[in-house]
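Participant: Right, I'll just put the structure down here and ask away after.
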2 protein chains.
Amino acid sequence: MSTLADHHRELVFQLFELLDAPGLLALPRFADHGAETLRAALQAAETIAAERFAPCHRASDEHEPGFDGQRITLPASTGAALRAFADAGFIAATHDAADGGMQLPLSVAMGCWGLFKAANIAIEAYATLTAGVADVIKTQGTAAQIERYLPKLLAGHWFGTMVLTEPQAGSSLGDLRSSATPQPDGRYAIRGRKLFITAGDHQITENIVHLVLARIDGAPPGVKGLSLFIVPKFKLRPDGSPGERNDVALAGLIHKLGFRGTTSAMLNFGEQGECTGELLGRPHEGLAAMFQMMNGARIGVGLGSAMVALAGYRAALDYARERRQGRLGRDVQQAPVAIVEHADVRRMLLTQKALAEGALSLALHAAWLHDLQQHASGREARERAGRLLELLTPVVKAWNSHFGTAANDLAIQVLGGYGYTRDFPVEQHWRDNRLNALHEGTNGIQALDLLGRKLFGDDGAAFGALAQEVNETIAQARAAADGGLQAQAGVLASQAGQLAEAWEALGETIRSLGHALRDDPRRALAGAWDFMQLFGHSVVGWLWLKQGLAATRALAQAEGSAADFYRGKLAAMDHFLTTELAPMQARHALLRCTEASVLDVDPAWL
Amino acid sequence: MSTLADHHRELVFQLFELLDAPGLLALPRFADHGAETLRAALQAAETIAAERFAPCHRASDEHEPGFDGQRITLPASTGAALRAFADAGFIAATHDAADGGMQLPLSVAMGCWGLFKAANIAIEAYATLTAGVADVIKTQGTAAQIERYLPKLLAGHWFGTMVLTEPQAGSSLGDLRSSATPQPDGRYAIRGRKLFITAGDHQITENIVHLVLARIDGAPPGVKGLSLFIVPKFKLRPDGSPGERNDVALAGLIHKLGFRGTTSAMLNFGEQGECTGELLGRPHEGLAAMFQMMNGARIGVGLGSAMVALAGYRAALDYARERRQGRLGRDVQQAPVAIVEHADVRRMLLTQKALAEGALSLALHAAWLHDLQQHASGREARERAGRLLELLTPVVKAWNSHFGTAANDLAIQVLGGYGYTRDFPVEQHWRDNRLNALHEGTNGIQALDLLGRKLFGDDGAAFGALAQEVNETIAQARAAADGGLQAQAGVLASQAGQLAEAWEALGETIRSLGHALRDDPRRALAGAWDFMQLFGHSVVGWLWLKQGLAATRALAQAEGSAADFYRGKLAAMDHFLTTELAPMQARHALLRCTEASVLDVDPAWL
């Protein structure tokens, strides 16, 4: 199988054997789909990813965006790949059929997008960013705005961006200063300096639709004074076609460590006083509107981290099966063995598998919760899914990006000196994935969001719902083990027991943190990143038990390489729970004791 | 203070307040030195590193070595910096005064070299590689060889390389195939393809002295048939000056992830049958001779990893003290605070400090053991130091490179999105440092060396000697705490207790691994990397307690910023022992149980 076919097989397991995506087809929203249309979408994505995205992976890194004084220069392969993506309907994957969309569940769309991300995450970003902008306009826009912008975005004729950061305001969005002055025609004059704008300028499409956070004159300070504006690169003529240039000037391109297929721009809005934008949604409610997109983007980041980790894993595995080096015994006359035979190499591969497939499971689970939140029958089911999704969103973003990049580090190590060269893709995976811990809110911000907001924000209802699901899985695993029909029963039972203990300890730590947060929030929040790792491992441990359970059931009917696939799942489950989750338990003691703290360390001592 | 001055201050602590480098001056070898000459050497290194190495850090990365068909192209600043390094005598830092060397202790020389590595590790590599080649020629060479090569190398007129790897033999040196055919004049015709040759070609110096591992015709297979040869790029004329080109052809340059200031070459020896070399040392004993250099290089790698980690830490600290973002409370009217005030940023800084300064302590401790092994009075003292050095060498290489790179990862995170741009040095530090886990023997190889060879190789005598030193430090820390004169006494006592428990558990795990190694070596060695991390953390924990003890004593006489320095040491000790060493204890259980193993995972399941 090709690498992308391997990823495709993995996605079929995650979506169809684990998440029950076909079960979504019972919901009215997806009634026009059948399992075969979902499978066809994945197959189309695999084909285009293999033919258009993978071949320019290295080229899009080597020829990073440049500016010749007039235009952004990009390899032609980038535009061609994105054209194929858009023409196959993938920007509109989740959108209404009435709008020309595929109306796929987000979980299945994410599966498709994941194949492109594995092949070339940096150039894929232009497309899914555009899908996110289309979502916001569809939800927040007036009928006229939807008519003007949505078809162009969904067809990929225009691409979109999200414009938040300013030089003095990165993590602290409340400090944004860009201004919006009402004009007599109902539009706004936008003025401000923005940076780190992904896809902020290029000539791939005939227009670019910027969604810009700015402050209407006289608005309150802080995040409550932010509004959202549509600011096109070329102003629209009355017939909706791009006309004269808007006053959005490229102030510079940012040269990055990786992710070089995407432009990252500094943009000046209204330097000449001629930048006009339209308000999107209600005044002063721009942050909430932007967060609709941001939350989706965070799941997308987690998905991308998982897929790049998986890409590194597959590259390392292929190498380890081919490369012959060393022997198992001391007889120098024997032929060398493939390095996958060496225990330390196998450990590194198994760890990558456990992290990457665990991360993928988490990202798709979040997308599936989004599907239920939006489209489940019954308000209670929708609300429950929404609560779980809110709780898990920062985890998908931060855990996946942190441990996905750690998996990519192991891929380099498997290749040895070759892994450090640009002749193999693994160093680029490592550089590309490193961005994911930073953009769409740094991982530190995600950890504060989880511990400071999400965990206790609803009196712990979301965590309670999650713990209930975990307990159900544990009970199912024990029941399957009690059935005693499988050779894997022992592993399943012992790992179910281990997971149960881990979640009991987690509950205890959360109670302790709850007290600490009431007593001294700053001190309690100092442990936010430790908590993120522990919580993420506990959640992914649960998803691995689910994967192990599904694999155990499937193994009863499988033979040959199909059976190998499921045995690999059981091995990775065991590896994750034993070598990742168990050692992580040591963090409980640290988190329950907030007496000593980095806060007691005077910055002058550093 | 400038960054290099900060590093210099740290080195003075490590060498003069912790290791007692001045105590080495009592040994005959160093009798001509005084504390002031050691300090002067460090000062000279700081000045040249700041003036010549730091300014071209980014340029040497951006303009990586190229080949124009005739010559290797490198920025002129690289040659100029290395000229200043050599002219100040730093290549000859440890060599005999009679040979024109400074005759410094290796520990102090490493301190000097460390400043260059912090400023620009990639270009510094040309120089210390040359120092290593000079060492081998001095030790293994005939009088005539020493006369021909040593002065040129020590003066930096010629640079040196170590030439081991072949396409089919990286980690497995026993599979090297390059051949050496005796010639009538006593020299050898060398033939073979070599790659990953650091500094393998350039025009910085008028000649390059390759030390090449090859197999004399008819030699036994495996590592026992390898001999070492001096192969100059330009053959020497009878007067010793470089003459006609030797048959060493550049087959290509390797394009790397980082460390781009150094050429990494593929070289073909004897393609035209005209490559001649001289045997260095005895036939079939080439690997031992090369390992003299390799062991030094491994300590150098560990030192470099520590210094690049320290460079990242300082860059992140400077940024965190300047950059204002967010507030401690919710009042949006308040001015933003420097991000060092945020707990999560302070955690990341303190972790970097604990890892980088711990790694530095370990590298310099190894260099100091080398000084004692070579020059201590009394055979017993020399042998004891030698045993300890052998045990610790793989740890210096592997622990430092792994955790040094982890520290650099945190530096990126402190800078947020800016850390991902090439406008700041932290992304380059991360890329540069990543090589250190791979070259001079991958970290997996180091872990096998530690667990499979060094730990039990001398019936555990080295470990016994190390444990004894650890216990002495614990006793000293407890005595200092009992003195009760310091506010820090409580921390010192509790951390001494924690370290004692950790070492007790380590001893128990080592006993368990000893049994496992006898029963089933392959299964026991599968835990080698886990053991490396645990052992390294235990050793660095000990060195942190030593640092804490030295800081406690110094604090009694210190005030102002001098006192801040020592308080920072105590905070970092506490942080390392509490947040690094304590959680690492969870690995004991994993290591003591070898029942489940990656070896039970069939590669077909991956």
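Participant: For the stretch B:116-167, what is the convex hull (Cα atoms) projected area averaged across all directions, in square nanometres?
Facilitator: So the mean shadow area of the Cα hull is 4.6 nm².
Participant: Taking H as built 1.01 Å from N, whose amide H comes closer than 5 Å to the amide H of B:Lys256, not counting residues under 5 places away?
Facilitator: A:Arg422
Participant: So what does B:Tyr319 come to for accessible area, using a 1.4 Å probe and Å² rounded to 10?
Facilitator: It works out to around 30 Å².
Participant: Assume the label is 7 Å from Cα along Cα to beta carbon: what separations in nm does A:Pro521 have to the matching positions in the other copies?
Facilitator: 6.0
Participant: Turning to a different aspect of this structure: Towards the positive end of the charge dipole of the protein assembly as shown, with charges on Cβ (+1 Lys, Arg; -1 Asp, Glu), say which of A:Ala169, B:Ile254, B:Ser597 has the farthest Cα.
Facilitator: B:Ile254
Participant: Something else about it: A plus B alone minus the pair: what accessible area, both sides summed, probe 1.4 Å, in Å² to 100?
Facilitator: 7300
Participant: Other chains near B:591-600: what is the mean number of their Cβ atoms within 10 Å of each residue's Cβ?
Facilitator: Per residue, the number of nearby Cβ atoms from other chains is 3 on average.
Participant: Another question about this same structure. Which is farthest toward the positive dipole end of the stretch A:442-594 among A:Gly452, A:Met584, A:Gly568, measuring Cα position about the Cα centre, with Cβ charges +1 (Lys, Arg) and -1 (Asp, Glu)?
Facilitator: Looking along the dipole axis, the top candidate is A:Gly452.
Participant: Within the stretch A:493-600, list the GluC sites (Glu not before Pro) lying in a DSSP loop whose Cβ has at most 16 other Cβ atoms in a 10 Å radius.
Facilitator: Those satisfying the criteria are A:Glu559, A:Glu595.
Participant: Given R₀ = 45 Å, what would the calculated FRET efficiency be for A:Glu380 paired with B:Leu328, taking r from the Cβ atoms and rounding to 0.05?
Facilitator: The formula returns an efficiency of 0.70 here.
Participant: Continuing with the same structure: Measure nothing but the geometry: give the 0 to 90° angle between the long axis through the Cα atoms of B:379-415 and the longest principal axis through the Cα atoms of chain B, rounded to 10°.
Facilitator: On a 0 to 90 degree scale, this one is about 70.
Participant: Distance cut-off 20 Å, Cα to Cα: go down the list B:Lys353/B:Lys397; A:Lys454/A:Lys546; B:Lys194/B:Lys233 and report the pairs above it.
Facilitator: Beyond 20 Å between Cα atoms: A:Lys454/A:Lys546.
Participant: Can you list the HN-Hα couplings for the stretch B:131-144, worked out from phi with the Karplus curve (6.51, -1.76, 1.60; θ = phi - 60°), rounded to whole Hz and with x for Gly and Pro?
Facilitator: 4, x, 4, 4, 4, 5, 5, 4, 7, 9, x, 6, 4, 5
Participant: Rounded to whole Å, how close does chain A get to the rotation axis onto B by Cβ? Give me the residue too, please?
Facilitator: In residue-and-Å form, the answer is A:Ala586, 2.
Participant: With the dipole of chain A worked out from charges on the C-beta (+1 for Lys and Arg, -1 for Asp and Glu) around the Cα centre, which of A:Gly464, A:Ala354, A:Pro336 lies farthest toward the positive end?
Facilitator: So the residue furthest toward the plus end is A:Pro336.
Participant: In cubic angstrom, how much convex hull volume per residue do the alpha carbon atoms of the stretch A:308-416 span?
Facilitator: Cα convex hull per residue, to the nearest whole number: 95 Å³.
Participant: Taking a probe of 1.4 Å, how large is the accessible area per residue of chain A, in Å²?
Facilitator: Heavy-atom accessible area per residue stands at 35 Å².
Participant: Another one. With bins 10 Å wide starting at 0, give me the P(r) of the stretch B:130-248 over every alpha carbon pair, in whole percents.
Facilitator: Bins of 10 Å from zero give 14, 44, 35, 7 percent of pairs.
Participant: Given N residues in the protein assembly as shown, what is Rg(Cα) / (2.2 N^0.38 Å)?
Facilitator: Compared with the compact-globule rule of thumb, the protein assembly as shown sits at 0.94.
Participant: Can I ask one more? If each of B:Ala288 and A:Ala556 carries a label point 7 Å out from its Cα toward its Cβ, how far apart are those two points in nm?
Facilitator: 6.4
Participant: Show that you can apply the helix-only estimate: for the protein assembly as shown, add -39,500 (n - 2.57) for every DSSP H stretch of four or more residues, divide by all residues, and state [θ] at 222 nm to the nearest 500.
Facilitator: Result for the protein assembly as shown: -18000 deg cm²/dmol, rounded to the nearest 500.
Participant: Charges only on Cβ, +1 for Lys and Arg, -1 for Asp and Glu: so what's the dipole of chain A about the Cα centre, in debye to the nearest 20?
Facilitator: 380
Participant: Hey, got the dipole for the protein assembly as shown? About the Cα centre, +1 on K and R Cβ, -1 on D and E Cβ, debye to the nearest 20?
Facilitator: It works out to roughly 480 debye.
Participant: Shifting gears a bit: Stick to the Cα atoms of the stretch B:242-316, pair each with every other, and give me the Kirkwood hydrodynamic radius in Å at one decimal.
Facilitator: Value: 16.1 Å, from the Cα pair sum.
Participant: Summing Lys, Arg as +1 and Asp, Glu as -1, what charge do residues with Cβ under 10 Å from the Cβ of B:Asp432 carry, B:Asp432 excluded?
Facilitator: +3
Participant: Follow-up question, since we're still on this one. Under the rule of at least 5 residues apart or a separate chain, name every residue whose amide H is placed under 5 Å from the amide H of A:Ile72.
Facilitator: Result for A:Ile72 returns A:Gln203.
Participant: Another question, then. For the protein assembly as shown, which whole percent of the accessible surface, found with a 1.4 angstrom probe, sits on carbon and sulfur atoms?
Facilitator: Reported share for carbon and sulfur atoms: 50 percent.
Participant: Could you work out the mean projected area of the convex hull around the alpha carbons of the stretch A:172-240, in square nanometres to one decimal?
Facilitator: Value for the stretch A:172-240: 5.6 nm².
Participant: Gain in length, B:Ala31 to B:Thr181, computed as 0.36 nm per residue apart minus the alpha-carbon separation, to one decimal in nm?
Facilitator: 49.4 nm
Participant: For the stretch B:313-329, in order, what is each residue's ³J(HN,Hα) by Karplus, 6.51 cos²θ - 1.76 cosθ + 1.60 with θ = phi - 60°, in whole Hz (x at glycine and Pro)?
Facilitator: Couplings: 4, 5, 5, 5, 5, 4, 4, 5, 7, 8, 6, 9, 6, x, 9, 7, x Hz.
Participant: Mind putting a number on the dipole of the stretch B:160-286 about its Cα centre? Charges go on the C-beta only, +1 for Lys and Arg and -1 for Asp and Glu, and I need it in Debye to the nearest 20.
Facilitator: So the magnitude is around 300 debye.
Participant: Using alpha carbons only, how many degrees (0 to 90, rounded to 10) separate the axis of helix A:461-483 from the longest principal axis of chain A?
Facilitator: 30
Participant: Using R₀ = 22 Å, calculate the FRET efficiency as 1/(1 + (r/R₀)^6) where r is the Cβ-Cβ separation of B:Asp96 and B:Thr47; round to 0.05.
Facilitator: 0.30
Participant: Please list the non-local residues whose amide H lies under 5 Å from the amide H of B:Phe234, H modeled 1.01 Å from N, same-chain partners needing a gap of 5 or more.
Facilitator: It is B:Ile208, B:Asn246, by chain and number.
Participant: Let me ask you something else. Need one word for the stretch A:33-74: rounded, prolate or oblate. Basis is the Cα gyration tensor (sqrt eigenvalues a ≥ b ≥ c); a/c below 1.5 gives rounded, then a/b vs b/c decides.
Facilitator: prolate
Participant: While we're here: At q = 0.15 Å⁻¹, what log₁₀ I(q)/I(0) does a Debye calculation on the Cα points of the stretch A:3-152 give, no solvent, two decimals?
Facilitator: Taking Cα atoms of the stretch A:3-152 as identical point scatterers yields -0.82.
Participant: Expressed as an acute angle from 0 to 90° and rounded to the nearest 10, what is the orientation of the C-alpha long axis of helix B:35-48 relative to the principal long axis of chain B?
Facilitator: Tilt relative to chain B: about 80 degrees.
Participant: A:Ala251 label point, 7 Å along Cα→Cβ, cut-off 11 Å on backbone N: hits in the stretch A:190-218?
Facilitator: Only A:192-196 pass the distance filter.
Participant: Just how many % of Cα pairs in the stretch A:391-450 lie over 13 Å apart, if you round to the nearest whole percent?
Facilitator: Tail of the P(r) past 13 Å holds 59 percent of the pairs.
Participant: Could you work out, residue by residue across B:253-259, how many beta carbons of other chains sit within 10 Å of that residue's beta carbon, and then give the average as an integer?
Facilitator: Average neighbour count from other chains, rounded to a whole number: 5.
Participant: Sticking with this structure for a sec: Divide, for the stretch A:68-132, the radius of gyration over alpha carbons by 2.2 N^0.38 Å, where N is the residue count.
Facilitator: For the stretch A:68-132, the normalised Cα radius of gyration is 1.22.
Participant: Relative to the other copies, what are the label-point distances for A:Pro184, with labels 7 Å from Cα along the C-beta vector, expressed in nm at one decimal and sorted shortest first?
Facilitator: Nearest first, the other copies' label points are 10.4 nm away.
Participant: Would you kindly derive the ³J(HN,Hα) couplings of the stretch B:575-589 from the backbone phi angles with the Karplus curve 6.51 cos²θ - 1.76 cosθ + 1.60 (θ = phi - 60°), listing them in order in whole Hz, with x for Gly and Pro?
Facilitator: Coupling constants for the stretch B:575-589: 5, 5, 5, 7, 9, 10, 5, 4, x, 5, 4, 4, 6, 4, 4 Hz.
Participant: If you average over every viewing direction, what projected area does the convex hull of the Cα atoms of chain A give, in nm²?
Facilitator: 30.2
Participant: Now a separate question. For the stretch B:443-594, what is the convex hull volume of its Cα atoms per residue in Å³?
Facilitator: About 101 Å³ per residue, rounded to a whole number.
The values are calculated or read from the model by the stated rules, or taken from the named source; none is laboratory data. As the structure is a computational prediction, the values presented were derived from the model and not from experiment. Every residue, glycine as well, gets a Cβ built from its backbone with ideal geometry; the counts of neighbours run over all protein chains shown. Surface areas here come from the heavy atoms of the whole protein model, side chains and all, with no ligands, DNA or RNA. Shrake-Rupley method; radii C 1.70, N 1.55, O 1.52, S 1.80 Å.
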